[in-house]
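For reference, the structure discussed in these notes is given below.
Since every read-out is calculated from the coordinates, none of them should be taken as a lab result. What you are looking at is a predicted structure, and each value in this text was computed from that prediction instead of being measured. No Cβ is skipped: glycine too gets one built from the backbone with ideal geometry, and neighbour counts run over all protein chains shown.
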Amino acid sequence: MANLAATTAILNNKRHPFRRLLRQPGAVISLLILIGLVAATAGAPLLASRPPNEANPLAAFRPPDAEFPMGTDNLGRDMLARFLYGGRVSLQIGLFAAAIGAVIGVTIGLIAGYAGGWIDSVIGWFIEVLMTFPGVLLALIVVAILGPGVVNVMIAVGVSFVPSFTRMTRAAALQVREQDYVTAARAFGSNDFSIIVRHIAPNVIRPVLALITLGTGSAILEAAALSFIGLGVQPPDPEWGAMLNAGRAFVGQAWWVTAFPGLGIFLTVLSINLLGDALSDVAAGTDL
Amino acid sequence: MNRYLVRRFFLSLLVLAGVSVLTFLILHLAPGDPVYAILGRQAASAESVQALRASLGLNDPLPVQYARFLENIVRGDLGTSIRTDRPVISMIAEQLPSTIQLTLASMAIATVVGLFIGLVSALNRGRWLDRVLTVAIIAGVSMPTFWLGILLILLFSVQLRWLPSAAPASDPRSLILPALTLGLAEAAVIARIVRASLIDVLDQPYLMVAHAKGLRPRRINWRHALPNAMIPIVSILGLQFGLLLSGSVVVEALFARPGLGRLTVTAINSRDFPLIQGIVLVIAIIYLLVNTLTDLLYAVINPRVRLT
């Protein structure tokens, strides 16, 4: 009976993945947090009462109060302004990086998974080689080649996500390729390009989308880490990772200088991870 | 088993060949003339450009340069650092032990804490304890290591005054906070996988049989469920090692701890390409070795996947 109910639920809900997502409290809360963070950082010029780089030595290390809701740093700069403008940069780098990784990774993955044979073997070998540079090392290599800087970090983090996105897409495409409707399309004389675009990609996208969402969280973490070690955004410009690096010398004197940027990264990534988990549940049908 | 070993060995060699090509190309992929990338466009005089070009052998065709690069590596010569004029291999050899120490210590913390939390969470599936731990796990996965490290400094160095935030490397206490930072962050990842793996095993029919036979739950968990749940976990140990090794870049910067990570950042900032190539190659080879070993271990404990 339970099985029958679940099956009926899946059949009834198949058309409304977004509505199913909104039925999960965790997903709704994280969506709201994300929308709030994006709106606040996008509206930085309206919300911040001072420019983020304006120093005021007389107001150094002011704890949070009505005038400075997030306090001030060692140079007396308004931490709220820096948090908002810095968050803008952090989110932009992370999102663009994830997008770069997703576009390249999904494209290569689709080609490898659909083509099979030697094309798949060569791509697989190349991905294997890239994966031999663990974690942040691949991004570091790209930064080493291109030089430090915001745009280069964006590209570097994007490239470092290509191997995992390619693998995921390839695995999903391999399964879809064997489906009857693909064979049918081939029998009708569709060419490879149209089969990939019209039949493989749409059926691969749902599971891959969940993993890309999770990857976006990791991309934001990795980009902030690169700025933290001084390879991304350069001072005095604010960015959450760079702000943590600048503030770590003063943890004993002024907790608020590192607390807010840290919290910003943490909340963003946590919300994205919760959303990604909910999306995987929807994609796998385990939310019903 | 022998066939698997041979096959695995040749696959690793093939990947290693790719790694060496990519490492070699780091210098040549830099936009513009690599000599200018190293010297900086303004400072370079025509003579210094020629001298560096000759000393790096950049006048030869690429395949010749690559062959020489390989030949030098085989002889254990990773070139000379542009910044310090010292052999790259000895600069790496000086910093490697500290990073390996940090990696192993954090791996021990990550494995013990991750296993414990994952097991407790899975064995209490659906109860409040599992819910609390699941939230803690996802929070841990979302935590930036560098912020976790700052919070640990705030707690243990500033508030409680138990541990130094930075200490000479000879002081064993200098390892505790960095290892804890890196280890706890990775523990969340391990706990997540342990929980999923154990829950998967707990739903298997043979455990239902064990229950039906009237075995005590404790015996079922320890004798039947755990050993099988451990199999996927062994396969990710190599991956974890690599993540911790590269995670040391951030943690060493945070705690002002000497090591390969800090050397990497200095090398990138000073565009010291021979040093960058050396570090990248050493880390990739270590990682490849560890991964091959874990794969072999995996094949030993799990006879089902000997040939893929």
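A few notes on this one:
- The range B:68-88 - residue that is exposed (fewer than 12 other Cβ atoms within 10 Å of the Cβ) and not β-branched (V, I, T) and, of those, nearest to the chain's Cα centre (by Cα): B:G76
Condition check ((1) in a helix (DSSP H, G or I); (2) within 14 Å of another protein chain (Cβ to nearest Cβ); (3) free of Cβ contacts under 8 Å to residues at least 24 places away in the same chain) across all residues:
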site	(1), (2), (3)
B:G18	yes, yes, yes
B:A51	yes, no, yes
B:L96	yes, no, no
B:T103	yes, yes, no
B:S106	yes, yes, no
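- Leading residue by the ranking (nearest to B:S157 (Cα to Cα)) among those in the range A:248-277 that are in contact with a helix residue (DSSP H, G or I) (Cβ under 6 Å, 6 or more places away or on another chain), among the small types (G, A, S) and more than 8 Å from every other protein chain (Cβ to nearest Cβ): A:G264
- Just one of the listed residues (B:V265, B:V201, B:V209, B:V234) is without any contact (Cβ under 8 Å) to a residue 40 or more places away in the chain, part of a helix (DSSP H, G or I) and surrounded by fewer than 17 Cβ atoms within 10 Å (Cβ to Cβ), namely B:V209.
- The residues listed here are A:V159, A:V197, A:V176, A:V151; of these, the one that is under 27 Å from A:F96 (Cα atoms) and touching a residue at least 12 places away in the same chain (Cβ under 8 Å) is A:V159.
- Of the residues making up the range A:248-288, those that are in a helix (DSSP H, G or I), within 19 Å of A:L22 (Cα to Cα) and among the small types (G, A, S) number 6.
- Residues of the range A:135-144 satisfying the condition of being within 7 Å of another protein chain (Cβ to nearest Cβ) and either part of a helix (DSSP H, G or I) or touching a Leu at 6+ places or on another chain (Cβ under 6 Å) (or both): A:G135, A:L137, A:L140, A:I141, A:V143, A:A144
Per-residue answers, yes or no, for (1) closer than 30 Å to B:V265 by Cα; (2) surrounded by 15 or more Cβ atoms within 10 Å (Cβ to Cβ):
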site: A:V151; (1), (2): yes, no
site: A:F161; (1), (2): yes, yes
site: A:R170; (1), (2): no, yes
site: A:E178; (1), (2): no, no
site: A:T213; (1), (2): yes, yes
site: A:L221; (1), (2): yes, yes
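- Unmet criterion (only one of (1) of a type in the set (S, T, Y); (2) part of a helix (DSSP H, G or I); (3) facing chain B (nearest Cβ under 9 Å)) for A:S160: (3)
- Among residues of the range A:224-241, those that are in contact (Cβ under 8 Å) with a residue 60 or more places away in the chain, buried (at least 23 other Cβ atoms within 10 Å of the Cβ) and within 11 Å of another protein chain (Cβ to nearest Cβ), counted: 7
- Looking only at residues in the range A:40-58 that are within 20 Å of A:I265 (Cβ to Cβ) and more than 17 Å from the chain's Cα centre (by Cα), the one that is surrounded by the most Cβ atoms within 10 Å (Cβ to Cβ) is A:P52.
- Qualifying residue in the range A:199-210 (condition: assigned to a helix (DSSP H, G or I), within 22 Å of A:P69 (Cβ to Cβ) and out of contact with any Ser or Thr (no Cβ under 6 Å at 6 or more places or on another chain)): no
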